[in-house]
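Notes to accompany the following structure.
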Amino acid sequence: MKIRPLPNLVNSLALLILLSFSSVINASLVVNQTALINPKGEWLNHGRTYKEQRYSPLTDINKNNVNELDLAWSFKFDTARGMEATPILHDGVLYVSTGWSHVHAIDARSGDELWHYDAKVPKSQLAKTCCGPVNRGVAIWQKDNSSPLQIFFGSLDGRLIALDAKTGKENWSVQSTPTDGNYSITGAPRIVKDMVIIGNGGGELGVRGYITAYDVSSGEMRWRFYTVPGDRNKPQESEALKKALPTWSGEEWYKLGGGGGTVWDSIVFDPELDILYIGTGNGSPWNRDLRSPGGGDNLYLSSIWPSILIMGSIFGIIKQHPQIIGTILPLSK
């Protein structure tokens, strides 16, 4: 882990704001479940709220004054690769991830960097990704006033990492994917109660999809749910996978491509129903004639658009699985 200033900055982030920007920054609050449900003027979830609608209720900037926006400051990141993250805003600080698993904390008023974390992902990891070393964002959580405020993110080489939000120092790190497979993590974690939820990618490169919940304080695994069955000659990990097994034909999907169905992003939590909605990606191998030569629905993956697994958030119990099936060349990531 390395925390350092940035001497050679290439890529830039520009924020356009009004002079009344101060109303955007709330007094410090505990970022717990209540705050994540109603973040008020802050941006505490990947899509701002659990609904992931990316809608802000702030009214300072509107159709009558949007033409008055001007550049307040800009910040350049030391990467020329793609940037796909949505920044988190809390207590006047922006937390944003960039390619190759870097995380930056930036003062939202001045644009000054507060800290920078480098996960030091080996460059060889790029061969295990379909679409570059991007990262889609971080998550934030604080149990109570006596607990540390933490930032969570997944690294390209499959680690889930918890950082101290004030210092950028690593609190804990767990390896969430096998190091000998073609797995990667590019998606943003989500916080559900006292758990960090994270998926992974690699469906294009022959892996078996799953989603995992970890304890926010310790990094201990709470549960893991595989989205497609494994070797039919071995016990399946859940009743849901026992149900899915007959929808796969042949014997080779788990050898040829792992089955796919990765949860590379698209995770939404409904706190009222206590249900987690996840999207699953394409099958592996992509070609269904190879993956499941006798046909079948190939639960629980989708061929074009992600199927939706509706899961109880505490134990990872599947409830429903709407699905789109039948094509050979999927379009999901």
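Every read-out reported here was derived from the displayed coordinates using simple, explicitly stated rules and does not represent laboratory data. Treat the numbers as computed from the prediction; the structure is a model and nothing was measured. Every residue, glycine among them, receives a Cβ derived from its backbone with ideal geometry; neighbour counts consider all protein chains shown.
Over the range 105-218, the pair-distance histogram of Cα-Cα distances with 10 Å bins from zero comes to 14, 44, 31, 10, 1 percent, rounded to whole numbers.
Sorted by packing (mean other beta-carbon atoms within 10 Å per residue), highest first, where do 38-44, 121-127 land?
Numbers: 38-44: 17.3, 121-127: 12.1.
Going from most to least packed, we get 38-44, 121-127.
Projecting label points 7 angstrom from Cα along Cα→Cβ for Leu58 and Asp107 puts them 1.8 nm apart. Label-to-label distance, Ser74 versus Leu126, with points set 7 angstrom from Cα along the beta-carbon direction: 2.5 nm. Eigen-decomposition of the gyration tensor built on the alpha-carbon atoms of the range 1-188 gives equivalent ellipsoid semi-axes of 28, 20, 16 angstrom, largest listed first.
Counting beta carbons within 10 Å around each of Arg291, Arg54 and listing the fewest first gives the order Arg54, Arg291. Each part gets one Cα centre, and for the range 167-194 versus the range 79-96 those centres are 17 Å apart. Applying a threshold of 28 Å to the alpha-carbon distances of Lys51/Lys120; Lys166/Lys193; Lys193/Lys255 flags Lys51/Lys120; Lys193/Lys255 as lying beyond it.
Assuming charge only on the beta carbon of Lys and Arg (+1) and of Asp and Glu (-1), the dipole of the range 1-188 about its Cα centre is about 360 debye to the nearest 20.
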